[in-house]
1. Pairs under 7 Å by beta carbon, first residue modelled with pLDDT of 95 or more in segment B:1-18, partner surrounded by 15 or more Cβ atoms within 10 Å (Cβ to Cβ) and basic (Lys, Arg), six or more apart or different chains?
2. Counting only residues that are touching a residue at least 60 places away in the same chain (Cβ under 8 Å), more than 18 Å from the chain's Cα centre (by Cα) and surrounded by 24 or more Cβ atoms within 10 Å (Cβ to Cβ), give me the helices (runs of 4 or more DSSP H) lying completely in segment A:419-495 with at least 1 of them.
3. Given the conditions (1) over 19 Å from the mean Cα position of the chain (by Cα); (2) in contact (Cβ under 8 Å) with a residue 40 or more places away in the chain, which single one is not true for B:LEU73?
4. Of the numbered conditions (1) in contact with a strand residue (DSSP E or B) (Cβ under 8 Å, 6 or more places away or on another chain); (2) closer than 29 Å to A:SER313 by Cβ; (3) surrounded by fewer than 17 Cβ atoms within 10 Å (Cβ to Cβ), B:LYS102 fails exactly one; give the number of that condition.
5. Within segment A:358-401, work out how many residues are touching an Asp or Glu at 6+ places or on another chain (Cβ under 6 Å) and at positive phi.
6. B:ASN29 versus (1) touching a residue at least 60 places away in the same chain (Cβ under 8 Å); (2) away from chain A (no Cβ under 14 Å); (3) surrounded by fewer than 20 Cβ atoms within 10 Å (Cβ to Cβ): which is the lone unmet condition?
7. With the condition kept exactly as written, say whether any residue in segment A:505-513 is assigned to a helix (DSSP H, G or I), over 24 Å from A:LEU469 (Cα atoms), of a type outside the set (Val, Ile, Thr) and at pLDDT 95 or above.
8. Please pick out the residue among A:PRO137, A:PRO164, A:PRO126 that is in contact with a helix residue (DSSP H, G or I) (Cβ under 7 Å, 6 or more places away or on another chain), within 14 Å of another protein chain (Cβ to nearest Cβ) and either among the charged types (D, E, K, R) or in contact (Cβ under 8 Å) with a residue 60 or more places away in the chain (or both).
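The values are calculated or read from the model by the stated rules, or taken from the named source; none is laboratory data. Computed from a prediction, not measured in an experiment: that's the story for all the values here. Don't worry about glycine lacking a Cβ; one is built from the backbone with ideal geometry, like all the others, and counts go over all protein chains shown.
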Amino acid sequence: MAKPMLSGGEMLARALQDEGVEFIFGYPGGAVLHIYDALFQTSDIPHILVRHEQAATHAADGYARATGKPGVVLVTSGPGATNAITGIATAYMDSIPMVVLSGQVPSHLIGEDAFQETDMVGISRPIVKHSFMVKRPEDIPATIKKAFHIATTGRPGPVVIDLPKDMTHPAHKFEYEYPDKVKIRSYAPAQKGHSGQIRKAVDILLSARKPVIYAGGGVVLGNASAQLTALARLLDFPVTNTLMGLGAYPGSDRQFLGMLGMHGFYEANNAMHYADVILAVGARFDDRVTNTPSKFCPEATIIHIDVDPASISKTVPAHVPIVGPCDAVLDEMLDIARERLKQEPECLDRKALAEWWQRIDGWRDAHGLWTACRYAPESTDLIKPQAVIEALCKMTKGQAYVTSDVGQHQMFAAQYYRFEQPRRWINSGGLGTMGFGLPAAMGVKLAYPDADVVCVTGEGSIQMNIQELSTCTQYKLPVKILNLHNGYLGMVKQWQDMQYGGRYSESVYEDSLPDFVKLAEAYGHVGIRVDRKEDLEPALADAFGKYRDRLVFLDVHVDPHEHVYPMHVAPNGSMRDMWLSKTERT
Amino acid sequence: MRHIISLLMENEPGALSRVVGLFSQRGYNIESLNVAATEDPTLSRLTLTTLGDDSKIEQITKQLNKLIDVVKLVDLTDGSHIERELMLIKVKAVGAQRAEIKRTTDIFRGQIVDVGTSVYTIQLAGTADKLDSFVRAMGEATVLEVVRTGVCGLARGDKVLSL
């Protein structure tokens, strides 16, 4: 069969289709007009027109986190490209597969400070897994193939393809063929772990007396939750998840200790500190987890599984490094461990484990967030932000897709929503990007129109991408926005309370906030303001019931002086050093 | 400790900026750097020297290996190796100094490659250490200009960095 003759723009549209792309999130402009015309004429892929390019990247990112498939973004040159940068950096920090197509001025104008010219490959270089600038239109299909391959394999990440306008000119046609496979000689991510290392790791696990499994976002990204859960249950080991790993292990399971780290659970941080063996899976010993690295888990032998060798022994040295995909490595571990337990059922020190669990249960009883209510809701008439998340979790049975922005509300959501499944908790963990939540929720809702999708946010974050309420109107995206309204930049205020003598430097909105109910209504949505405790559950019920098919902006006014606890004592603290309330510390 | 990291990378625009960018982005230092195409025109060979303890060097090599454009990499200082650097140095050479400079150049096995009425330009190849010593040995003579290529090197014996 003769190969079709297509222009660069048409090849791009066709290649995206051949790649199985379901949505393009984008915003047109001069340098991408050829592409937009080709999409108009030849493409069936729905394009979501956002209101700001940053939102395109976050929406693609949310889609990618929820589905595991790469998000696709199309923006124009110059400001279109630079507006996408924050979203690309967000995806990079959390290893999210994404392909960003950016327009560029025509080749002959590059370097001449042409209108809407910016060096996108240069600007994005530190925050992409890889990038391409297309130099010949006939390279477009292979470049797209490579970009998707790189974005989705190994440790995933964003890939930028910069497309000078002349590369997509409609008059110049080329033979189109989409490559079946791709070979990049310098790129071969590990497909399995080193068997010797895995065997050694299992030996250490089986002889552990005080073990903890510390599982991160890599388990979610690597679709290894089932294996992780199976291993933890086989060995009866406690599991803690990082902020990025929430949902990797079922939240309501007895063996789950909650999140660890700066705002981690008392039982999780203590178990880590006193552990003799830590199995780190798809986690990267982030500074928000370890507190002071030199004081981190002094007694522990550390086994570290990660597909990215550079994540191993970066901040905390691993005793047994294992480079490989989490699912394959855990599968192999499971096989070996099952075999060993069959041959010598006594090899696991169950007595020591029982004692360890007793200690953990002691920590849980003392200060666990889920064992008893720790935030004294009865002490005030005001709604406590934690109670809002608990009500949300109850209303949605822990099954909603929860996106969040960044700040106190994010930590409350991470602590009090019990994620039972992976890919349901969608937040900017690494970069900490305010404004992420709403556009991310759009991406999730497009992927799963029948699912409950909630954006937990605050007045600071929501206003960073509030224009996307309009996108939600255009595409009828009935996401629920849950604004924990406290009138402050809450996390900034918390730090100012704790470390700056309560001097609220630029963290107070005073009377400048909009009426969010009217604002939502102005975009054609439903707005509900909640001030009283007794109105909270009915409002949530309406949002998910009566207004199921509408975007609902729930503006919940909460206790403005609440802090997130536990909180690591810093600087120079270890994992176990925590503030447990405004007055209590370990 | 000083390490010599030598790598093969795609001979493409942008590849060098990714390597150099990695160093500034992650706060690693580069003491010297050189790069040129190899006998295979699709590959460039880049050699750099950097300072750091073992864990830092381990991170540097891992991060470099992660770059898609980096095809292969070796830390030459891991084994026995040959390192060379070329220096051109222009010194003021008048009167009795001319003979003295010539003698020192001979001792260091350098060559005077350009002669002016009051200046010599000397070419010298060797380890970075040797070049440093030569500059110091110029002593009284006025050094007008120094240019150095940065270190390049190969492993001794059969070991080869190739595809």
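1. B:SER6/B:ARG45; B:LEU7/B:LYS72; B:LEU8/B:ARG45; B:LEU8/B:LYS72; B:SER17/A:ARG125; B:ARG18/A:ARG125
2. Answer list for segment A:419-495: A:468-474.
3. Only one criterion in (1) over 19 Å from the mean Cα position of the chain (by Cα); (2) in contact (Cβ under 8 Å) with a residue 40 or more places away in the chain is unmet by B:LEU73, namely (1).
4. The failed condition is (2).
5. Residues that pass the stated criteria total 1.
6. Exception for B:ASN29: condition (1).
7. The answer is no, given that none of the residues of segment A:505-513 is assigned to a helix (DSSP H, G or I), over 24 Å from A:LEU469 (Cα atoms), of a type outside the set (Val, Ile, Thr) and at pLDDT 95 or above.
8. The unique qualifying residue is A:PRO164.
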